[in-house]
């Protein structure tokens with residue numbers, strides 16, 4: 001449990017697709033109204049997922065130790081496509097997200113350099129994660145609606161670090177910018193992602209927006 005959480009009631013998943021922080025929400029007093037506790041939204045350990053506020057009636061637990069198929073998850077991995085591509089979380093918060101991956105054959109195009117799609121994916125993940133954390137206190141989810149990534153220098157091997165920071169964080173949309181740098185600090189890609197903020201219960205691809213993994 002994250003430091004600074006209050007209350008001793010049931011645990012509810014607050015998270016988004018990338019990471020989730022589990023917050024303790026106390027049961028309402030008999031005959032009274034539920035009063036939401038203060039929740040410390042500072043980044044917790046890397047093994048936690050990000051948090052999205054959901055209805056206190058939803059009690060879907062978030063497992064931090066296994067993937068969807070039940071296999072063990074390494075500390076710092078994110079899940080889904082990002083896990084398949086070896087993208088790891090270094091740190092995350094509403095002001096900055098840092099990811100990294102080590103280049104291998106999964107990431108290369110026929111000329112032996114990192115595929116542009118890999119740069120786009122890492123940029124999208126970093127920006128989306130930061131926007132999700134920033135939107136969580138309002139109970140919102142976020143989805144990307146535009147990704148503009150430029151490929152600046154080719155890279156063939158080594159570690160690539162992606163750092164995302166916000167440009168705007170509004171109630172209806174957010175704009176984040178990310179830079180990908182090689183191990184020697186060379187800028188290899190740069191991108192901006194615009195994200196739409198969704199209110200709880202909003203439809204997304206025919207279903208109410210909800211955590212799927």
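The values are calculated or read from the model by the stated rules, or taken from the named source; none is laboratory data. These numbers were taken from a predicted model, which means no experiment stands behind them. A quick note on method: Cβ atoms are made from the backbone with ideal geometry, for glycine too, and the neighbour counts reach across all protein chains shown.
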Qualifying position, being surrounded by fewer than 18 Cβ atoms within 10 Å (Cβ to Cβ) and at pLDDT 95 or above, among 207, 146 = 146
Close pairs (7 angstrom Cβ cut-off, 6 or more residues apart or separate chains): on the phi > 0 side of the Ramachandran plot in the range 106-129, surrounded by fewer than 23 Cβ atoms within 10 Å (Cβ to Cβ) and at pLDDT 95 or above anywhere | 112/156
Quick one: which of 137, 94, 166 is surrounded by fewer than 17 Cβ atoms within 10 Å (Cβ to Cβ), touching a residue at least 60 places away in the same chain (Cβ under 8 Å) and closer than 18 Å to residue 195 by Cα?
-> 137
